[in-house]
Structure formats: structure tokens, C-alpha cells
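Novice: Pasting in a structure now, in C-alpha cells, and then I'll have a few things to ask.
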Amino acid sequence: MSQTTVSRALNGFPEVSEKTRQLVLKAAAKHNYKPNVRARRLATGKSMTIGHLVSVSKEHEMVNPIFADFIAGASARYAQSGYDLLLSLVPDEDEFTSYKELAARSAVDGVVVHAPRVDEKRIAQLNNLNLPFVVHGRSSNTVEKYNWVDVNNERSFFRATQLLIELGHTTIGLINGLADMDFAMRRAQGYRRALKENNIELADAYLTHGEMTEPNGHKNALALLDLPTPPTAFVTSSIIMANGIRRALDDRELKLGRDVSVITHDDDLSYFRDAAAVPVYTATRSSVREAGRLSADLLLKAIADPGRDPEGILLDAELILGSSTKPPRGRSKSYGTSWPLAASNTSNQSSRSNVMARAASNLAMRARLLVPNTGRMRAGCASNQATAAAATSPAPISCSRVKSLGFWPWNNAPPASGDQAMGGTPNSCKKAKSPLVNALFSKTLISI
């Protein structure tokens, strides 16, 4: 076999048959052969390097756990394809100059654009340089065609806000990222859409913007809690800021979940993973590490085939049910219906069962629900008919656990007759017939 054939087989050229390619790969593995990277670069004219330019300024610090997890996902893909990672920190005003220098020197074969703004100038600039790139996120006001990977931020925050509204909250604060960031704009749109569709009017003071840090979460939460009508619930753009909100609640002697509900966006960060059997936070979850892998794959395709049409990948977030969301304190509202705290007569028992059934139906029409013992709700598309199928046999669930997540229709311990109203036995939810309770706690899948 000639050197040319071996080289073409190792580099994936299509004219080499699959049988020959496998023979070459088997021999290379047997002898622990690794291609000489410098020789490959000289032969192909490629740098075999991917660039990540990170803007650093007093207003916007990108070196954070979210960026680190994205890099971890992307770099794993680069390594599999024989590419190196070039990470360069540059001031905001020098970023485009750095892109031009990298392209002129052929120092990188492609770049990843981070933190796109609503009006993002880098996209047109990179298109003019003919340098392959992918954007982690989108730019709403950009008409250029480009490769991108993004989360459906608008829908995620619409669903998060809608869940709080269905729990009975009408005064909901949003602690968001920087206002000119595209993801923050889309999340604010989802929040406002949920309020509008439920005829809830809130002043602009209930929406705050800032860097996604714990101190900013703490500061903005304190400001909202000091309003004449403070929020009974928060939606926030980062689990890091959610920790700041929790500290603000402690400062005001309020308890997370019991006094104030919180839903956060969770990037499934390695060092901030909320992995308890019952998560601390109810969250919209989307792995930023997976976004890094997908972005790398998309960029490598663009490098291999510069003439391919740009592609966008839109990721849906999961809605994870945790212990941080309950009906507003002092009200027994369960998904939009209010009941006296201690009423236990027969008519109310029947009505409560109807409320829970309607709540489950409403929730199922909004999402595909999968809850083993982890309290996980997967966001999905609605259809006309809900179906239910048990995944495994239900595990015994205590009433205190049902109550702890805020889906018990009373804020104090229910009377024995109240247990019966939900189809269970006194002091036990093990045999509960309520569709919502079964969906949340008995490993039941409700799909639509």
C-alpha cells in the first residue's frame, strides 16, 4: 500500500474504500501511530487550531463558570478531530483587530463568538473576513447568515413565569443578565408574554438587569424585596444569581420556597450542579457543556466545507421541579384555584380533587412531564391529547414530601379527610389517585 493511500485513509478522503480505511486504521492502532501535527499543517495549509477570543472589560467579564463549561465541551470535540484550542483575552475595543490578525496570519481555522448582543457587529465583520465561525447564541437584529447554537430562551422563561402564575403568584420579579445581551432580551420577552397572556401588569421596577454574579443577584433581590409590594416569586437567569437571591431572603429572614418562590435558569454547571434527589431550585435546565460540543461540531463542519449553508441549532430547556416553588404564603392556591386552609367538608373535598385533576390536565397540555424521584419535568410540545403510562412501580411517597414541593393544595398539614379527597389514606400519599401527584411522585410519564 502506498504512502499516499495510507495518508488519504487516515485523513478521511472519500476516494479510499471503507475496507482499505479500516485496514489502515487497524494497523495504525496496532503500532500506536500518531500523525505528525506539524507535517499535517504544512501539507494541508491548515493551522489545526480553533480560536476563542474572550472580551474582558469592567462591564462584562466572560471568564466565568458558564464559559469554562462551554470550553470543556468544545475542547473535547476539538481533541477528537486533532485540533488545538487557542484562547485569547482581549479588550472589547481590540476584539475585531485581533480577529483580522488571526485571519491574516492563518493562525486559526475558525473561531467561536461568545456573548452576542442584540445588535452584534462581529458577525458581519467575520463574514467579510471569510473566516469560519459559529456563534454561541444569536443576534436578533442581525440580518447576516451565520452558524449558531442557542437555547430557546423566550419559551423557557415564558414557561417558568407561567408555572409561577399557575401556582398563584401575581407579583413576580425577573433578575436578568445584561440588557444588551441577546439571551437576556429573549428571556425578558418570555417573562413579559406570560404576564400579558394572564392579564398581569407589573411596573418596570420588577425587572432588573446586570452581570450574572452572586453579588448582583443579592443586591437586585434586596432592591425588589424593599418595594412597597415586594415580589412573592423571582425568575432569574443564572443559578449563580439564584444563590444571591437566597442570601437576600436570609437577610430579610425569609425562607426560600416557603415565603418566596424562585425559578432559575440552570446551565448544568459542573461546579454548581443541583443534583439532589429533590433539587433545591425549580429550574429551566440546558447543559452549556452540550452547547459547547454542538458548537464545535458545527464549526468543524464549516471548516471542512466552507461552501455549506449556515445552520442554526435551537435547544429546548428542561423544566426541573425543585423545592423552591410553592403557592404564595397564606394562600392555598394550587394552579389557579383558591381554597380555605382547613376546610374539610365533603363538597370541598370533591372540589379539591377536581382542582388537582384540572391542574394536571393544564400542566400536561403545556409540557411533557417525566418525574421519577428527581422531580424532573421535560419541556416539550403540546398536542391535543394527553396519555399516561407508568414507567416503573411507584415508590412510597410521604405526604410531607408532596407538601415540601408545594403541590399540596393546603399550606398547613391536611386533615385525614383531606388525604381521602386526594384518593389516598390518612397521613399517606402512597395510594394517591390525583393525576398531578402521580405525575410528580410516582415515576409516571405524562406525554402529549
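The values are calculated or read from the model by the stated rules, or taken from the named source; none is laboratory data. All values reported here derive from a predicted model rather than from experimental measurement. Here Cβ is always computed from backbone atoms with ideal geometry, including for glycine, and neighbour counts include all displayed protein chains.
Novice: Quick one: which residue in Ala115, Ala72 is closer than 21 Å to Ala184 by Cβ, of a type in the set (Gly, Ala, Ser) and outside the structural domain of Lys196 (by TED's automatic domain parsing)? Steps first, please.
Specialist: Numbers: Ala72 fails: closer than 21 Å to Ala184 by Cβ.
Step by step, each of Ala115, Ala72 is checked, and only Ala115 is closer than 21 Å to Ala184 by Cβ, of a type in the set (Gly, Ala, Ser) and outside the structural domain of Lys196 (by TED's automatic domain parsing).
Quick grid of which residues meet (1) buried (at least 20 other Cβ atoms within 10 Å of the Cβ); (2) at pLDDT 95 or above:
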{"position": "Ala223", "(1), (2)": "no, yes"}
{"position": "Pro230", "(1), (2)": "no, yes"}
{"position": "Ala233", "(1), (2)": "yes, yes"}
{"position": "Ile240", "(1), (2)": "yes, no"}
{"position": "Ile245", "(1), (2)": "yes, yes"}
{"position": "Val262", "(1), (2)": "yes, yes"}
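Novice: Counting only residues that are closer than 16 Å to Phe67 by Cβ and in contact with a strand residue (DSSP E or B) (Cβ under 8 Å, 6 or more places away or on another chain), which one in the range 273-291 is surrounded by the most Cβ atoms within 10 Å (Cβ to Cβ)?
Specialist: Of all residues in the range 273-291, those closer than 16 Å to Phe67 by Cβ come to 286-291.
From what's left, in contact with a strand residue (DSSP E or B) (Cβ under 8 Å, 6 or more places away or on another chain): 286, 290-291.
Details: Ser286: 21, Glu290: 16, Ala291: 24.
Only one residue tops the list, namely Ala291.
Novice: Taking the residues in the range 16-55 that are hydrophobic (A, V, I, L, M, F, W, C) and in a loop (DSSP other than H, G, I, E, B) as candidates, determine which candidate is modelled with the lowest pLDDT. Before you say what the answer is, go through the steps one by one.
Specialist: Kept after step one, since they are hydrophobic (A, V, I, L, M, F, W, C), are these residues of the range 16-55: 16, 23-25, 27-29, 37, 39, 42-43, 48, 50, 53-54.
Now drop any that are not in a loop (DSSP other than H, G, I, E, B), which leaves 16, 48.
On the way: Val16: 81, Met48: 91.
Out of the qualifying residues, it is Val16.
Novice: State whether the residues of the range 232-248 include one that is over 18 Å from the mean Cα position of the chain (by Cα), farther than 25 Å from Ala68 by Cβ, not hydroxyl-bearing (Ser, Thr, Tyr) and not in a helix (DSSP H, G or I).
Specialist: From the range 232-248, those over 18 Å from the mean Cα position of the chain (by Cα) are 232-233, 244-248; that's our starting set.
Adding the requirement that they be farther than 25 Å from Ala68 by Cβ leaves 232-233, 248.
Checking which are not hydroxyl-bearing (Ser, Thr, Tyr) leaves us with 233, 248.
Subset that is not in a helix (DSSP H, G or I): 233.
Yes; the residues of the range 232-248 include at least one that is over 18 Å from the mean Cα position of the chain (by Cα), farther than 25 Å from Ala68 by Cβ, not hydroxyl-bearing (Ser, Thr, Tyr) and not in a helix (DSSP H, G or I).
Novice: Can you find even one residue in the range 218-230 that is among the small types (Gly, Ala, Ser) and part of a helix (DSSP H, G or I)? Outline the logic, then answer.
Specialist: The initial filter retains those residues of the range 218-230 that are among the small types (Gly, Ala, Ser), namely 221, 223.
Of the ones still in play, those that are also part of a helix (DSSP H, G or I) are 221, 223.
Yes, that holds for at least one residue.
Novice: Which number in (1) in a helix (DSSP H, G or I); (2) modelled with pLDDT under 95; (3) in contact with a helix residue (DSSP H, G or I) (Cβ under 9 Å, 6 or more places away or on another chain) marks the one condition that Ala79 misses?
Specialist: All conditions are met except number (3).
Novice: Right, Ala223: within 27 Å of Asp297 (Cα to Cα) and in the same structural domain as Val262 (by TED's automatic domain parsing) or not?
Specialist: No, not satisfied.
Novice: I've got another one for you. Answer yes or no as to whether Asp274 is part of a loop (DSSP other than H, G, I, E, B), of a type in the set (D, E, K, R) and either over 30 Å from Glu144 (Cβ atoms) or touching a residue at least 12 places away in the same chain (Cβ under 8 Å) (or both).
Specialist: Values: part of a loop (DSSP other than H, G, I, E, B): yes; of a type in the set (D, E, K, R): yes; either over 30 Å from Glu144 (Cβ atoms) or touching a residue at least 12 places away in the same chain (Cβ under 8 Å) (or both): yes.
Against the criterion (part of a loop (DSSP other than H, G, I, E, B), of a type in the set (D, E, K, R) and either over 30 Å from Glu144 (Cβ atoms) or touching a residue at least 12 places away in the same chain (Cβ under 8 Å) (or both)), Asp274 qualifies.
Condition check ((1) within 25 Å of the chain's Cα centre (by Cα); (2) loosely packed, with under 15 Cβ neighbours inside 10 Å; (3) among the aromatic types (Phe, Trp, Tyr)) across all residues:
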site	(1), (2), (3)
Arg77	yes, no, no
Asp94	no, yes, no
Leu102	no, no, no
His114	yes, no, no
Lys121	no, yes, no
Gln125	no, no, no
His136	yes, no, no
Lys145	yes, yes, no
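Novice: Additional query: For a quick check of your reading of the model, give me the residue pairs whose first member lies in the range 179-200 and is outside the structural domain of Thr232 (by TED's automatic domain parsing) and more than 14 Å from Phe157 (Cβ to Cβ), whose second is part of a strand (DSSP E or B) and modelled with pLDDT of 95 or more, with beta-carbon atoms closer than 6 Å and at least 6 apart or on different chains.
Specialist: Matching pairs, first to second residue: none at all.
Novice: Sticking with this structure for a sec: With the structure loaded, tell me whether Leu89 is within 26 Å of Gly217 (Cβ to Cβ), modelled with pLDDT under 95 and assigned to a strand (DSSP E or B) or whether it fails that test. Working first, answer last.
Specialist: Details: within 26 Å of Gly217 (Cβ to Cβ): yes; modelled with pLDDT under 95: yes; assigned to a strand (DSSP E or B): yes.
Yes.
Novice: While we're looking at this one, here's another question. Any chance you could count how many residues in the range 149-173 are in a helix (DSSP H, G or I) and farther than 16 Å from Ala233 by Cα? Give the steps one after another, and end with the answer.
Specialist: So in the range 149-173, the residues in a helix (DSSP H, G or I) come out as 153-167.
Cutting the leftovers down to farther than 16 Å from Ala233 by Cα gives us 153-156.
Summing the residues that are in a helix (DSSP H, G or I) and farther than 16 Å from Ala233 by Cα in the range 149-173 gives 4.
Novice: Give me a count of the residues in the range 189-216 that are closer than 21 Å to Ile66 by Cα and touching a strand residue (DSSP E or B) at 6+ places or on another chain (Cβ under 6 Å).
Specialist: Residues meeting the conditions: 2.
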